[in-house]
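> So that we are looking at the same thing, I have put the structure below in structure tokens.
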Amino acid sequence: MPQTQRRIVASIVLLVFLGVWVWGAATIGTMLITAPKWLSLIFFIVAGIGWAVPLKPVFKWMNSAPED
């Protein structure tokens, strides 16, 4: 697959995944209103940084050399 097509596919995957991630984080975050502050802090740190871990293979695939 050419590099430009890889970037388009990866961009679509990224947007869909981030939309679901933000929706999930916001939903869970609203449930933590009565939780202790330290638990909310840990959750929002994980939610803020954790999105990159599942997308690492997508970024690696997007930037890899085209297969001949």
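> Do we have ILE28 as open to solvent by 60 Å² or more (accessible area, probe 1.4 Å), within 11 Å of MET62 (Cβ to Cβ) and of a type outside the set (Ser, Thr, Tyr) here? If you could, list the steps in order and put the result at the bottom.
Details: open to solvent by 60 Å² or more (accessible area, probe 1.4 Å): yes; within 11 Å of MET62 (Cβ to Cβ): no; of a type outside the set (Ser, Thr, Tyr): yes.
Answer is no for this residue.
> How many of the residues in region 38-68 are surrounded by 13 or more Cβ atoms within 10 Å (Cβ to Cβ) and polar (S, T, N, Q)?
The number of residues fulfilling the criteria is 1.
The values are calculated or read from the model by the stated rules, or taken from the named source; none is laboratory data. In this text the structure is predicted, and so the values were computed from the model without any measurement. Positions of Cβ are generated from backbone atoms using ideal geometry, with glycine treated the same way; all protein chains shown enter the neighbour counts. Side chains are part of the model used for accessible areas, which takes the heavy atoms of the whole protein and leaves out ligands, DNA and RNA. Shrake-Rupley method; radii C 1.70, N 1.55, O 1.52, S 1.80 Å.
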